[in-house]
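> Sharing a structure below in structure tokens format, with a few things to ask.
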Amino acid sequence: MKIAVAKGDGIGPEIMDAVLTIFKAGKVDLDYEVVDMGKWVFDKGFSNGMTPEAQHTIESLGILFKGPMETPKGKGVKSVNVTARKTWNTYANKRVFQTLHGVDTVFSKSGIPIDITIVRENIEDTYGGIEHMLTHDVALSRRFITRPGSLQVIKYAFEMARKKGAKRITCGHKANIMKLTDGLFLECFQEVAKEYPDLKADDIIVDDLAMKLVVRPQEFDVVVLTNLQGDIISDLCAGLVGGLGFAPSANIGDHISIFEAVHGTAPDIAGKNIANPTALLLSGIAMLRHLGFMKDAAVIENALLYTLESGVHTGDFGDKNIPAVDTPAFSETIISNLGKQPRLNAKPVLPNMPVTPTMFKLNRNAMMVSKEISPEKIVGVDMFIESEDQPLLIAKKCQRHAGVKFKLVGISNRGTQVWPTGSMYTNLVNLYNVRFESLDDTPLNQQDVLGLYVSLSGDFKICSSELLLMWGNKRAYSLAQGQ
Ligand code: NAI
């Protein structure tokens, strides 16, 4: 079996070499094709940070094992790490956080075991990076949460939880505030949960989750979250088990999967050969299990756990009374411990069952659509306009443009209603949301909305607009605070 390997930037080549040396010593039957990805590829003029040959190789092999890669700052280029995850639809980001004996934390010292798997949605949310300055004062980031995208990652999380024999699966969210976006994610979670009656499924508001993870981490098992919240919560969990040096990550898709450490290129220690390869090694071990190399994964993981238990450590962790070793010496120690069993948490050595790689060649992009449940009608439009006028004056001007099809129903500023009712104590910025609805509740069409747009543009700069939709009796838009 062959996989693609990108060594990455900064400490990437040092830790990747260490891990591949351990794999070789563990007689892992894998071939590697090294591909060109990372900052130096950006620097050569490839704007997405990878060569076309690299893309072709990864798409035909289906597995990418990668070191961390630097995102050039201030050049307007996007992170190659995020591009890779999104381009290849690796929709589920699985991060496992377990107590590692030899890595002291407040929890390990108090005998509190941690075994938490975070499944983070990996493609949507604010990570679309669709951002605009609407006025000189106002930036807008679009946050996409989709039903098919949410179902995909949540189904993965439930399947994984069942395979893992998890006791509990929890959805972290902020649906109390973001009722439509996080509300949709939670709705999908509750829908999927019905298909898994054997698993205890519950949900928790993300801020409460953050507190409870710190206070009682042992109560959590599998936690599934949207992208940004999942990113933050998984770094919190990394802190519970000793830091980023111990946080592995698997980006799982239907066709292509990417395995990498959570940490970055550590420019402050790059080139010194002192980096800790554990997170990348744990990611590689997860990859071996994904590919069916169960025995090899367990033997290498047991050697790693034995090494950590014995107190051997790189400079970023461990007992300061025991001198730190460099990266090659750390990996050599792991190699010398292959075949040994750690005292605690030894992994069962199951037989290797390499999965036959599915050969696939896609000739079209998959379109994921949910069935429409009720008929849709346009009932109004939100116009986001730039103005420094007071709400009353804006209302007067806007009413002139409402014509025979629309009525002005409300004006809000940063989501708080300021007309027809509001408070003088609400501070304003120069972007208002002016909401028009159908005058007599008759459905509108897009031409009606365009007519209003043209008329209104005579008085205001319209920065953005959104249709107000009804699906049957269900409102497909949120109300302003105070409406
Ligand atoms: P970082 O994770 O590279 O470093 C944060 C701190 O942790 C530094 O003090 C570093 O020395 C230490 N550290 C990280 N990994 C370590 C290891 N294996 N052993 C010992 N110490 C380690 O985060 P930072 O500095 O914010 O980012 C540096 C670069 O990495 C940026 O260009 C960023 O875009 C990129 N990055 C790439 C990621 C990826 O490829 N998946 C993920 C995160 C950041």
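The values are calculated or read from the model by the stated rules, or taken from the named source; none is laboratory data. Predicted model only: the values in this text are computed from it and were never measured. Because the Cβ atoms are built from the backbone with ideal geometry, glycine has one as well, and the counts that use them run over all protein chains shown. Areas reflect the complete protein model, heavy atoms only, side chains present, ligands, DNA and RNA absent. Shrake-Rupley method; radii C 1.70, N 1.55, O 1.52, S 1.80 Å.
> Please go through region 307-331 and give me each residue that is of a type in the set (D, E, K, R), free of Cβ contacts under 8 Å to residues at least 60 places away in the same chain and open to solvent by 70 Å² or more (accessible area, probe 1.4 Å), ordered by number.
Narrowing region 307-331 to residues of a type in the set (D, E, K, R): 309, 316, 319-320, 326.
From the residues that got through so far, the ones that are free of Cβ contacts under 8 Å to residues at least 60 places away in the same chain too are 320, 326.
320, the sole residue that qualifies.
> Here's a check for you: in region 63-75, which residue that is touching a helix residue (DSSP H, G or I) at 6+ places or on another chain (Cβ under 9 Å) and charged (D, E, K, R) is surrounded by the most Cβ atoms within 10 Å (Cβ to Cβ)?
Residues of region 63-75 touching a helix residue (DSSP H, G or I) at 6+ places or on another chain (Cβ under 9 Å): 63-72, 75.
Narrowing further to those that are charged (D, E, K, R): 66, 70, 75.
On the way: 66: 26, 70: 21, 75: 9.
Filtering first and then ranking leaves 66.
> While we're on this one: Kindly indicate the residue of region 21-50 that is more than 28 Å from the chain's Cα centre (by Cα) and surrounded by fewer than 16 Cβ atoms within 10 Å (Cβ to Cβ) and also nearest to residue 327 (Cα to Cα) among those meeting that condition.
Out of the qualifying residues, it is 24.
> Still on this structure, I have one more. In this structure, is residue 254 outside any helix (DSSP H, G or I) and near the ligand (Cβ under 10 Å from one of its atoms)?
On the way: outside any helix (DSSP H, G or I): yes; near the ligand (Cβ under 10 Å from one of its atoms): no.
No: the conditions fail for residue 254.
> Another question, if that's okay. Report yes if some residue within region 274-286 is surrounded by 24 or more Cβ atoms within 10 Å (Cβ to Cβ) and away from the ligand (no atom under 14 Å from the Cβ); otherwise report no.
Checking region 274-286: at least one residue is surrounded by 24 or more Cβ atoms within 10 Å (Cβ to Cβ) and away from the ligand (no atom under 14 Å from the Cβ).
> Still on this model: For residue 111, which of the numbered conditions (1) in contact (Cβ under 8 Å) with a residue 12 or more places away in the chain; (2) outside any strand (DSSP E or B) fails to hold?
(1) is the only condition that residue 111 fails.
> Oh, and also: Go through the residues of region 180-202 one by one and say whether even a single one is open to solvent by 10 Å² or more (accessible area, probe 1.4 Å) and under 14 Å from the mean Cα position of the chain (by Cα).
Going residue by residue through region 180-202, those that are open to solvent by 10 Å² or more (accessible area, probe 1.4 Å) are 180-181, 183-184, 186-187, 190-191, 193-202.
Filter once more, so that each one left must be under 14 Å from the mean Cα position of the chain (by Cα): none.
Scanning region 180-202, I find no residue that is open to solvent by 10 Å² or more (accessible area, probe 1.4 Å) and under 14 Å from the mean Cα position of the chain (by Cα), so the answer is no.
> Could you pull out every one of the strands (runs of 3 or more DSSP E) wholly within region 126-238 that has 3 or more residues that are farther than 30 Å from residue 462 by Cα?
Numbers: elements: 131-133, 139-141, 168-173, 200-205, 222-225.
Output list reads 168-173, 200-205, 222-225.
> Here is a further query. Scan region 139-156 and give yes if some residue there is closer than 30 Å to residue 110 by Cα, exposed (fewer than 13 other Cβ atoms within 10 Å of the Cβ), free of Cβ contacts under 8 Å to residues at least 12 places away in the same chain and not assigned by TED's automatic domain parsing to the domain that holds residue 78, otherwise no. Spell out how you get there, then give the answer.
Of all residues in region 139-156, those closer than 30 Å to residue 110 by Cα come to none.
The answer is no; no qualifying residue exists.
> State all residues of region 292-316 that are touching a helix residue (DSSP H, G or I) at 6+ places or on another chain (Cβ under 9 Å) and hydrophobic (A, V, I, L, M, F, W, C); if no residue qualifies, say none.
Within region 292-316, 293, 294, 297, 298, 300, 303, 304, 308, 312 qualify.
> Which of the residues that make up region 212-242 are open to solvent by 20 Å² or more (accessible area, probe 1.4 Å) and within 16 Å of the ligand (Cβ to nearest atom)? Spell out how you get there, then give the answer.
Going through region 212-242, the residues open to solvent by 20 Å² or more (accessible area, probe 1.4 Å) turn out to be 212, 214-216, 218-219, 228-229, 231-232, 235-236, 239, 242.
228, 231, 232, 235, 236, 239, 242 - these are the residues of region 212-242 that are open to solvent by 20 Å² or more (accessible area, probe 1.4 Å) and within 16 Å of the ligand (Cβ to nearest atom).
> Filter region 76-100 down to the residues that are open to solvent by 60 Å² or more (accessible area, probe 1.4 Å) and within 12 Å of the ligand (Cβ to nearest atom) and list them by number.
78
> How many residues does region 245-265 contain that are of a type in the set (A, V, I, L, M) and either out of contact with any Leu (no Cβ under 9 Å at 6 or more places or on another chain) or more than 19 Å from residue 278 (Cβ to Cβ) (or both)?
Keep residues of region 245-265 that are of a type in the set (A, V, I, L, M), which gives 247, 250, 252, 256, 258, 261-262.
If we keep only those that are either out of contact with any Leu (no Cβ under 9 Å at 6 or more places or on another chain) or more than 19 Å from residue 278 (Cβ to Cβ) (or both) as well, we get 250, 252, 256.
Of the residues in that region, 3 qualify.
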